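The values are calculated or read from the model by the stated rules, or taken from the named source; none is laboratory data. A quick note: this is a predicted structure, and the numbers were derived from the prediction, not measured. Neighbour counts run over all protein chains shown; Cβ positions are idealised from the backbone, glycine included.
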There are 2 protein chains.
Amino acid sequence: MKNVAALAGVGIKTVSRVINGEPNVSAAMSARVLAAADSLHFSPDLHAGNLRRGNGRSNTLGLLVGSVSNPFSGAMHRAIEDVAGARGVAVFASSLDDDPAREEAAISAFLRRRMDGLILTTVSQNQGYLVPELRRGTPIVFVDREPGGIDADVVVSDNAAGAAAATRHLLAHGHRRIAFLGDRIDIQTARERQRGFLEELGRAGVATVDVPVITGVHDEEAGRLVTIALLDSEHPPTAVFSSQNLITIGAVRGLRERNAQHSVALVGFDDVPLADLLDPGVTVVAQNPHEIGRLAAERIFARLDGDRSVGNTYVVPTNLIARGSGEMRPK
Amino acid sequence: MKNVAALAGVGIKTVSRVINGEPNVSAAMSARVLAAADSLHFSPDLHAGNLRRGNGRSNTLGLLVGSVSNPFSGAMHRAIEDVAGARGVAVFASSLDDDPAREEAAISAFLRRRMDGLILTTVSQNQGYLVPELRRGTPIVFVDREPGGIDADVVVSDNAAGAAAATRHLLAHGHRRIAFLGDRIDIQTARERQRGFLEELGRAGVATVDVPVITGVHDEEAGRLVTIALLDSEHPPTAVFSSQNLITIGAVRGLRERNAQHSVALVGFDDVPLADLLDPGVTVVAQNPHEIGRLAAERIFARLDGDRSVGNTYVVPTNLIARGSGEMRPK
DNA sequence: GTGAAAGCGCTAACAT
DNA sequence: ATGTTAGCGCTTTCAC
């Protein structure tokens, strides 16, 4: 900017005025400055400006998701980007990988970069360490999973209700021996889904002693192996409830390998790409990652626009989509 | 930092030393500063530091992809994040949406934030406007699509060769009337794939006058509609080559709707989630987005580490995966 | 309508 | 081993 001022033969403040579109610059002056800036390929340093600027906004949001390569995360990211982009705010995304160390590293990276707001999926048991940052005025919204030890905005799916709906669906089709395939129990949503499943069985008066509940299933391959093991066991289940998208894909593979896809029912939590094109189509309790992302971003901007209300939890409903795999009756 | 120094009763430079892990600080001093920083929830301002720091690195990379919700982009993003993360560098991703205006806006946002390097998917016909930035020393790698008017590192799939392989595969299975479903022709890879397709037909001596070449097919719904129109036409093709992942999904849907999935062959360019679980499995020319991302990130860091060689083009091979849909013979 | 000086939070260079 | 001063690129404040 100094160089631009020198080349245009004007004071540095005038350049600043022109670049930022401030009033009180003559048209001739403005043209001269713009020409100089152009010929030097000048691009203002946003961070340097923010250092002195009053509100100190960086027009940047930090986003922490499960993994940027997971379709759920991708859809959420996209929705957030759309809301933020409309306001000229850029989004900075990191993958959590369900690793508490990455949670800390990513958030620390966000904080050091002075993001205007944070949208976080977390895995640690407690997010109390963010309370000072929240008090300082940085809007923080937790998505997908509820945080611990902090009062902030939260946007989540109705995990327990969705899991209960899936369970009810299988029960209604005559299943009693329903296997539950759950993620790592340190993950808040995994516990919620398991709770919804067990409570629904309880309401139906089904003894859970006979129901295989397998937790710690975290990825596709584990889902496949667990499904095969269940099918090969002495009392195989007549239905499977896989409580996460990667597990569902693994379960589909496992059922195929034992040629059980048309005899053992399957309902998944969270939708899976092309689920409707499989044979049978995969019945799922679909989440709405786009809506979760949109809402989260709206909350951030509401806070930035001055909303000082206490933290609220927004529950986005799930939606059971029957496609065939969940409508089979036990043999 | 000033506050930390005051609270600890030391000079500001000592705090700086402790925070940055510089040598020449006594253990007692270090502990006192750390305690003060902790009690004030101090987090250093990375950008303020970079303003004065010699190399001025922001430890941030800008990434522009098709859409953060596309699986190809997601896989690439993830690979880049993994390489960058290992070096303590964060990644900032934006969606291009094949819109030249977004290309300009996103790159301008990157530049204003002084990213250390840029990994770009572009859609404008010419990227000459980035030459000054490249000369200034900002490493820029173009991924997925080759840029115009600039000499820089490029990492792409072998689009023409992959398309030729797909075409050869269909020809070898007896097809002559092969429909080509192409993306918008302003997209460089779309042109390359079309070229590979037509050249392979030429090598095989197949007259292209009889071959339906449909371009401008950009999304899933367009792919579906075009496929149905082809099947309903007077001389329906015996095989379809869909040259992009969303188009392929649309084509699968179209074939299903006309119950032609077991009679009309299909090969897609770029892999599709769960393609192996469909009936028939979808034969594709798979790209390697993970490898493209990894290589691109490696190039950025090589440049940051001092590599001053001229721009190079890295071609990542494609891989034809036969799963059933591409191995059907014409009726 | 324009510009000079001070200072944002930090680090480089140079004291001590 | 610790502190002081200048200045990164910009905006603010205030003077002209």
Query raised in the report: Out of curiosity, is A:L266 assigned by TED's automatic domain parsing to the domain that holds A:R176, buried (at least 21 other Cβ atoms within 10 Å of the Cβ) and free of Cβ contacts under 8 Å to residues at least 24 places away in the same chain?
Result: no
**Report entry** Out of B:S30, B:S73, B:S69, sole residue that is surrounded by 16 or more Cβ atoms within 10 Å (Cβ to Cβ) and touching a helix residue (DSSP H, G or I) at 6+ places or on another chain (Cβ under 6 Å)
**Finding:** B:S69
Query raised in the report: Quick check: anything in segment B:58-65 at pLDDT below 95, buried (at least 16 other Cβ atoms within 10 Å of the Cβ) and not hydrophobic (A, V, I, L, M, F, W, C)?
Result: yes
Query raised in the report: Only one of (1) touching a helix residue (DSSP H, G or I) at 6+ places or on another chain (Cβ under 9 Å); (2) hydrophobic (A, V, I, L, M, F, W, C); (3) more than 25 Å from B:E22 (Cα to Cα) is not met by B:A84, so which one is it?
Result: (3)
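Quick one: is A:G85 in the same structural domain as A:N312 (by TED's automatic domain parsing), surrounded by fewer than 18 Cβ atoms within 10 Å (Cβ to Cβ) and of a type outside the set (K, R)? So that I can check it myself, show each step before the final result.
Details: in the same structural domain as A:N312 (by TED's automatic domain parsing): yes; surrounded by fewer than 18 Cβ atoms within 10 Å (Cβ to Cβ): no; of a type outside the set (K, R): yes.
It is false that A:G85 is in the same structural domain as A:N312 (by TED's automatic domain parsing), surrounded by fewer than 18 Cβ atoms within 10 Å (Cβ to Cβ) and of a type outside the set (K, R).
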Query raised in the report: From the list A:R32, A:R57, A:R17, A:R52, which one is more than 14 Å from DNA strand D (Cβ to nearest atom) and among the basic types (K, R)?
Result: A:R32
Requested in this report: List every residue pair whose Cβ atoms lie under 7 Å apart, where the two residues are 6 or more positions apart in sequence or sit on different chains, the first residue falls within segment B:166-181 and is assigned by TED's automatic domain parsing to the domain that holds B:G216, and the second residue, located anywhere, is among the hydroxyl-bearing types (S, T, Y).
Outcome: B:H175/B:T238; B:R177/B:T238; B:I178/B:T167; B:F180/B:S243; B:L181/B:S242; B:L181/B:S243
Report task. Report, ordered by the first and then the second residue, all pairs with beta carbons closer than 6 Å, sequence separation of six or more or different chains, a first member in segment B:208-229 that is at positive phi, and a second member that is basic (K, R) and part of a loop (DSSP other than H, G, I, E, B). Result -> B:G216/B:R184
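Name the strands (runs of 3 or more DSSP E) wholly within segment B:228-317 that hold at least 1 residues that are over 27 Å from B:F142 (Cα atoms)?
Details: elements: B:239-242, B:265-269, B:283-286, B:313-316.
Correct list: B:239-242, B:265-269, B:283-286.
Yes/no per residue for (1) on the phi > 0 side of the Ramachandran plot; (2) surrounded by 21 or more Cβ atoms within 10 Å (Cβ to Cβ); (3) hydroxyl-bearing (S, T, Y); (4) touching a Leu at 6+ places or on another chain (Cβ under 8 Å):
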residue	(1), (2), (3), (4)
A:A172	no, no, no, no
A:T189	no, yes, yes, no
A:V206	no, no, no, yes
A:N245	no, yes, no, no
A:H262	no, no, no, no
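Given segment A:21-140, what helices (runs of 4 or more DSSP H) lie entirely inside it while holding 2 or more residues that are at the interface with chain B (Cβ under 10 Å from one of its Cβ atoms), more than 28 Å from B:P44 (Cβ to Cβ) and in contact (Cβ under 8 Å) with a residue 12 or more places away in the chain? Steps first, please.
Numbers: elements: A:27-39, A:46-52, A:71-85, A:100-112, A:131-135.
Qualifying helices (runs of 4 or more DSSP H): A:71-85.
Within the group A:S94, A:S108, A:S43, A:S16, which residue is within 11 Å of DNA strand C (Cβ to nearest atom) and either farther than 26 Å from A:E220 by Cα or among the small types (G, A, S) (or both)?
Working: A:S94 fails: within 11 Å of DNA strand C (Cβ to nearest atom); A:S108 fails: within 11 Å of DNA strand C (Cβ to nearest atom); A:S43 fails: within 11 Å of DNA strand C (Cβ to nearest atom).
Just a single option satisfies the conditions, and that option is A:S16.
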Query - segment B:19-40, residues that are within 26 Å of A:R52 (Cβ to Cβ) and near DNA strand C (Cβ under 8 Å from one of its atoms) - result: B:I19, B:N20
Query raised in the report: Applying the selection to segment A:147-162, what residues are in a loop (DSSP other than H, G, I, E, B) and either of a type in the set (A, V, I, L, M) or within 20 Å of A:A75 (Cβ to Cβ) (or both)?
Result: A:I150, A:A152, A:D158
Query raised in the report: Could we say that A:H218 is within 14 Å of chain B (Cβ to nearest Cβ), in a loop (DSSP other than H, G, I, E, B), surrounded by fewer than 19 Cβ atoms within 10 Å (Cβ to Cβ) and not aliphatic (A, V, I, L, M) here?
Result: no
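Name the one entry in B:F92, B:F142 that is of a type outside the set (S, T, Y), buried (at least 21 other Cβ atoms within 10 Å of the Cβ) and modelled with pLDDT under 95. First the steps, then the outcome.
Values: B:F142 fails: modelled with pLDDT under 95.
Result: B:F92 is the single residue among B:F92, B:F142 that is of a type outside the set (S, T, Y), buried (at least 21 other Cβ atoms within 10 Å of the Cβ) and modelled with pLDDT under 95.
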